[in-house]
Amino acid sequence: MNQRLSTDRRVGETVDVRPTPRGRKRDPSRDAAILEAALDVLAEVGASGITMDLVAERAGAGKGTIYRRWPSKAELIVDAVAYLVRNQVDVEHLPDTGSLRGDLLGLFKPDAMVESTRLLNVMRAFASLLADDHALADAGSAAIVGPWADAHLLFMQRAVARGEVSASADIGTVSQILPSMAAYRTLIQQKPFTEEFMLSIMDGVIMPALGIYAAIAPTKSTGV
């Protein structure tokens, strides 16, 4: 790049007007560390107790760095919860078992006890935030329900393509049933999302709604 200089005739000085170098590119791995820190703090102190200072300290980042990425605490929390859900739904490696029920079952991965406790604490805090700020309702729904509903819709589109589900079925609506019920269970009822709960919705609501009535083998109860 050629150096460009100009002279300010009013003061007789030579002024450097070269473009100011841009800041460093945003580091996705650093974002992940901050979001994980936000989730840890949120699980420990709740939505009312979390502060940018606490998150910065936990992440080993400057508070200014966090504010440049997330101008408000609410935005940070929403993004942190969305990040948590996206990590649960691995869109790059979705199961493809050849049946809709198999795909839905393949998406379920039980959490370890520590992870389950953290998740419930995060969801309790998130529910509190949404109750206090109704303007976040759409963002909250997109963060929690969106990734799961997108995966379920893909499974149902596959089922339509192979003739397992009728092309006239309202898969757009049905794909949102289980994710929405799961969100209600964790946010409102504050209960864990268990395999038994998933099976009750899947076999009692989703499969019949799509016209699938194949015999279903009994599944060992995991507790509700």
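What follows is calculated from the coordinates using simple rules that are stated; it is not laboratory data. Note that this is a predicted model, so its numbers are computed, not measured. Please note: Cβ atoms are built from the backbone with ideal geometry, for glycine as well, and neighbour counts cover all protein chains shown.
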Review point. Restricting attention to the alpha-carbon atoms of segment 27-145, what are Rg (one decimal) and Dmax (integer), both in Å?
Key: 15.5, 49
Point to revise | Loop trypsin sites (Lys or Arg not before Pro), segment 124-173 (other Cβ atoms within 10 Å of the site Cβ: 16 or fewer; DSSP) | key: R162
Exercise for review: Could you tally the net charge around H93, taking each other residue with its Cβ under 14 Å from the Cβ of H93, Lys/Arg +1 and Asp/Glu -1?
Suggested key: -2
Study note, to complete from the structure: Ordered by fewest other Cβ atoms within 10 Å, a rough proxy for footprinting exposure, V85, V122 read V85, V122
Practice item. Could you please rank H93, H152, placing first whichever residue has the fewest other Cβ atoms within 10 Å of its Cβ? Key: H93, H152
Point to revise | Surrounding net charge for V78, when Lys and Arg each add one and Asp and Glu each subtract one, Cβ distance under 12 Å | key: -3
Exercise for review: Could you please report the charge total around L54, scoring K, R as +1 and D, E as -1 over all other residues with beta-carbon less than 15 angstrom from its beta-carbon?
Suggested key: -2
Check your understanding: For segment 28-209, what is the relative contact order in percent, using Cα pairs closer than 8 Å and at least 6 residues apart in sequence?
Key -> 23 percent
